[in-house]
Amino acid sequence: MDNISVSTTDVRIERHATQLSRQLKLLREKLFPPLSQKTLRTFTSGEAAQMIGVSDGYLRQLSLDGKGPQPDVSHNGRRSYTLRQINELRQHMAKIKPKDALSYLPCRRDGEKLQTIAITNFKGGSAKTTTTLYLAQHLALEGYRVLAIDLDPQASLSSLLGVQPEFDLLDGDTLYGAIRYDAQRRPLKDIVRKTYFDGLDLVPGNLELMEFEHETPRALNERLKPEELFFRRVGNAIAEVEANYDIVVIDCPPQLGYLTLGAVCAATSLLITIHPQMVDVASMSQFLLMTSDLLSVVRKAGGDLQHDFIKYVVTRHEPFDAPQSQIVALLRSLFGDDVLTATILKSTAIADAGLTKQTLYEIEKGQVRRSTYDRALESVNAANGEILASIHKAWGRT
Ligand SMILES: Nc1ncnc2c1ncn2[C@@H]1O[C@H](COP(=O)(O)OP(=O)(O)OP(=O)(O)O)[C@@H](O)[C@H]1O
Ligand SMILES: [Mg+2]
């Protein structure tokens, strides 16, 4: 008799977990040697000029005059800039042309409140993490100061941003460290880490976030002050670091638990991702009903449920698929302007980029088939552009 059949299920599953974890670790070490830190590619002077909003010729002149950060020059004379240098050039331009400072440095000004955007839907695989990542990177490339919070114990966002949740984190290194109920709570500023993207910081996630779901029912039986209740804790933690950022994006787990409710209460706006298929949309109607039920309880207990905007983002869209088109049309007829005009297309370029842990913003052009890349990137940029326009509107910018 082999010993699997005599072992009890707990022992057997534990053995599977250990085997799997060991193999994954080996695989990861092969793909990402421990010392290979993720880095962001550099940008050609043409790309940099476009990002900053000046001409390529002007950038060349700046570097010839020795003004601003000096680009890397290749043997054939091509100049390239890191994102940090591009941000330094933005500072430089804002200083020499103070009248146009806002166009070079779009960061929020006095009176423009921090925007916190929760990306949510309890439907698993509705592209929440992908949408969060692309939005965060887009905003950072545009020159905003962005904090991405991984609220999912599965931590895909963290690993896509170069943090390996099983190996790189100690106890209390996730948002849980800043929202826990006991005396081991730490300030969020000690948990935030820089990423390889200049201007994009991360609060990583891992399994310890589950503790919050387990501890909250007990905490509800204790007499907590109103500002210490579970739905205030995510917002309170963010408020500690608010001065450092323009926009916070929160990747929610695919459950409507206490973490998600905390994120929704902390948020100034919501993005609800939708994969336009009948099964997903059917579960979304349940999601909306449950969310509304739970939120009304939270509101009556004093939760803040004013949001600047709530937008539905259609993702993994196949515009030539007739049933999908019907669903998108239905959503638009029901929710009107609350559905983003742009949809994020289903694209192997996005799916593959997920496997290689690189987004379309990160890969060098030429690494993928051009037409696929362009179409996918255009759709993501259009969606992100609309979200940014809503953020500007919330800031009162025209
Ligand atoms: N536009 C797209 N085109 C093709 N594949 C996509 C696209 N967006 C997401 N995917 C793929 O779909 C899968 C699910 O996406 P993602 O992880 O972002 O969903 P999620 O809602 O965060 O999932 P979970 O509920 O498990 O957290 C991933 O493999 C991702 O690479
Ligand atoms: Mg996810």
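The values are calculated or read from the model by the stated rules, or taken from the named source; none is laboratory data. Keep in mind it's a predicted model, so treat the numbers as computed, not measured. In this analysis, Cβ positions are derived from the backbone assuming ideal geometry, glycine residues included, and neighbour counts consider all displayed protein chains. Accessible surface areas use protein heavy atoms only, side chains included; no ligands, DNA or RNA. Shrake-Rupley method; radii C 1.70, N 1.55, O 1.52, S 1.80 Å.
Work out the FRET efficiency for Ala351 and Asn221 from their Cβ-Cβ distance, taking R0 = 56 Å, and round it to the nearest 0.05. List each step's numbers first, then the result.
Working: r = 45 Å, r/R0 = 0.80.
FRET efficiency, Ala351 to Asn221: 0.80.
To test your reading of the geometry: what angle, between 0 and 90 degrees and rounded to tens, separates the Cα axis of helix 322-335 from the longest principal axis of the chain?
Result, in degrees: 90.
Sequence gap at least 6, Cα distance under 8 Å: using those rules, report the relative contact order of region 187-249 to the nearest whole percent. Before the final figure, lay out each step's value.
On the way: 25 pairs, mean separation 22.6, N = 63.
Once divided by the residue count of region 187-249, the mean separation gives 36 percent.
Compute the distance from the alpha-carbon center of region 128-203 to that of region 59-88, in whole Å.
Value for the Cα centre distance between the two parts: 30 Å.
Which ³J(HN,Hα) values, rounded to whole Hz and listed in residue order, are derived for region 88-100 from phi using the Karplus coefficients 6.51, -1.76 and 1.60 in 6.51 cos²θ - 1.76 cosθ + 1.60 with θ = phi - 60°, glycine and proline given as x?
Once θ is set to phi - 60°, the couplings for region 88-100 become 5, 5, 4, 4, 4, 4, 4, 6, 7, 10, x, 5, 9 Hz.
Go through Val297, Val328 and list them by solvent-accessible area, largest first, probe radius 1.4 Å.
Numbers: Val297 95, Val328 10 Å².
Per-residue accessible area, sorted high to low, gives Val297, Val328.
Using a ≥ b ≥ c from the Cα gyration tensor of region 15-130 (square roots of the eigenvalues), is it rounded, prolate or oblate, where a/c under 1.5 gives rounded and otherwise the larger of a/b and b/c decides, a/b for prolate?
Numbers: a/c = 3.45, a/b = 1.56, b/c = 2.21.
Oblate, since a/c reaches 1.5 and b/c is not below a/b.
If DNA, RNA and ligands are ignored and the probe is 1.4 Å, what is the ranking of Lys311, Lys189, Lys300 by accessible area, most exposed first?
Values: Lys311 35, Lys189 135, Lys300 160 Å².
These residues rank, largest area first, as Lys300, Lys189, Lys311.
Please report the antiparallel percentage of the DSSP beta bridges confined to the chain, to the nearest 5. Present the calculation step by step, with values, prior to reporting the outcome.
On the way: 6 of 32 bridges.
So the antiparallel bridges in the chain amount to around 20 percent.
Once you put a point 7 Å from the Cα of Leu26 and another 7 Å from the Cα of Arg84, both along the Cβ direction, what distance in nm separates them?
Spacing of the two 7 Å Cα→Cβ label points: 3.8 nm.
Calculate, in nm to one decimal, what Gln286 and Thr8 gain on full extension: separation in residues at 0.36 nm each, minus their alpha carbon distance.
On the way: separation 278, 0.36 × 278 = 100.08 nm, distance 3.72 nm.
Gain on extension, Gln286 to Thr8, equals 96.4 nm.
Mean projection of the alpha-carbon convex hull of region 83-213 over all orientations, in nm²? Before the final figure, lay out the partial values.
Values: hull surface 37.8 nm².
Dividing the Cα hull surface by four gives the mean projection, 9.5 nm².
Starting from 0.36 nm per residue, how many nanometres of slack lie between Asp337 and Thr39 once their C-alpha separation is accounted for? Can you show the working numbers first?
Numbers: separation 298, 0.36 × 298 = 107.28 nm, distance 3.79 nm.
Result for the pair: 103.5 nm of gain on full extension.
How do the peptides 43-53, 265-275 rank, highest first, by the average count of neighbouring beta carbon atoms within 10 Å per residue?
Working: 43-53: 17.5, 265-275: 23.0.
Answer by packing, highest mean first, reads 265-275, 43-53.
Carbon and sulfur: what percent of the chain's accessible surface (1.4 Å probe)?
Working: 10930 of 20310 Å².
Carbon-and-sulfur percentage of accessible area, whole number: 54.
Out of the chymotrypsin sites (Phe, Trp or Tyr not before Pro) in region 125-203, which ones are loop residues according to DSSP with at most 11 other C-beta atoms within 10 Å?
Phe167
Over what distance in Å are the Cα centres of region 207-246 and region 310-385 separated?
Result: 33 Å between the Cα centres.
Tell me the label-point distance for the pair His16, Asp321, using the 7 Å Cα-to-Cβ offset, in nm and rounded to one decimal.
Going from the His16 label point to the Asp321 one covers 2.9 nm.
Given region 43-104, what whole percent of its Cα pairs are spread farther than 21 Å?
Numbers: 240 of 1891 pairs.
Of the Cα pairs, 13 percent sit more than 21 Å apart.
Apply the Debye scattering formula to region 132-200, with a single equal point scatterer on each alpha-carbon and no solvent, then give log10 I(q)/I(0) at q = 0.23 Å⁻¹.
Log10 I(q)/I(0), no solvent term: -1.06.
Counting only the backbone N, which residues of region 208-230 are under 17 Å from the spot 7 Å out from the Cα of Asp182 toward its beta-carbon?
Hits in region 208-230 for Asp182 at 17 Å: 208-222.
Net charge around Asp338, counting only other residues with Cβ within less than 11 Å of its Cβ (Lys, Arg = +1; Asp, Glu = -1)?
Values: positive: Lys311, Arg332; negative: Asp337.
Within the 11 Å Cβ shell, the charges total +1.
Output the Cα-based Rg and Dmax of region 139-250 in Å, rounding Rg to one decimal and Dmax to a whole number.
14.1, 45
Using only C-alpha positions, report the orientation-averaged shadow area of the convex hull of region 171-237, nm², one decimal. It would help to have the intermediate numbers written out before the result.
Values: hull surface 19.6 nm².
With the hull built on Cα positions only, its mean projection is 4.9 nm².
Grab the beta carbon distance between Ala329 and Lys97, set R0 = 56 Å, and tell me the FRET efficiency rounded to 0.05. Spell out each step's value before the answer.
Details: r = 46 Å, r/R0 = 0.81.
With R0 = 56 Å, the Cβ-Cβ based efficiency is 0.80.
At 1.4 Å probe size, with every protein chain present, just tell me what the per residue accessible area of the chain comes to in Å².
Values: 20310 Å² over 398 residues.
Per-residue accessible area for the chain comes out at 51 Å².
Take every Cα pair under 8 Å in the chain that's 6+ residues apart, average their separations, divide by the length, and report that relative contact order as a whole percent.
Once divided by the residue count of the chain, the mean separation gives 16 percent.
Treating only the Cβ atoms of Lys and Arg (+1) and Asp and Glu (-1) as charged, compute the dipole magnitude of region 9-146 about its Cα centre; round to the nearest 20 debye. Kindly include the intermediate steps, with their values, before the conclusion.
Numbers: 23 positive and 12 negative charges, 62 e Å.
Using Cβ point charges on Lys, Arg, Asp and Glu, region 9-146 gives about 300 debye.
So how do 70-80, 234-244 stack up, highest first, on mean other-Cβ count within 10 Å? Intermediate results must be reported in sequence, preceding the final value.
Details: 70-80: 11.9, 234-244: 18.0.
Highest to lowest by the protection proxy: 234-244, 70-80.
If we restrict to alpha carbons, what Rg and Dmax does the chain come to, in Å?
22.5, 82
Rg and Dmax of region 223-342, Cα atoms, in Å?
Cα radius of gyration and Dmax of region 223-342 are 16.3, 56 Å respectively.
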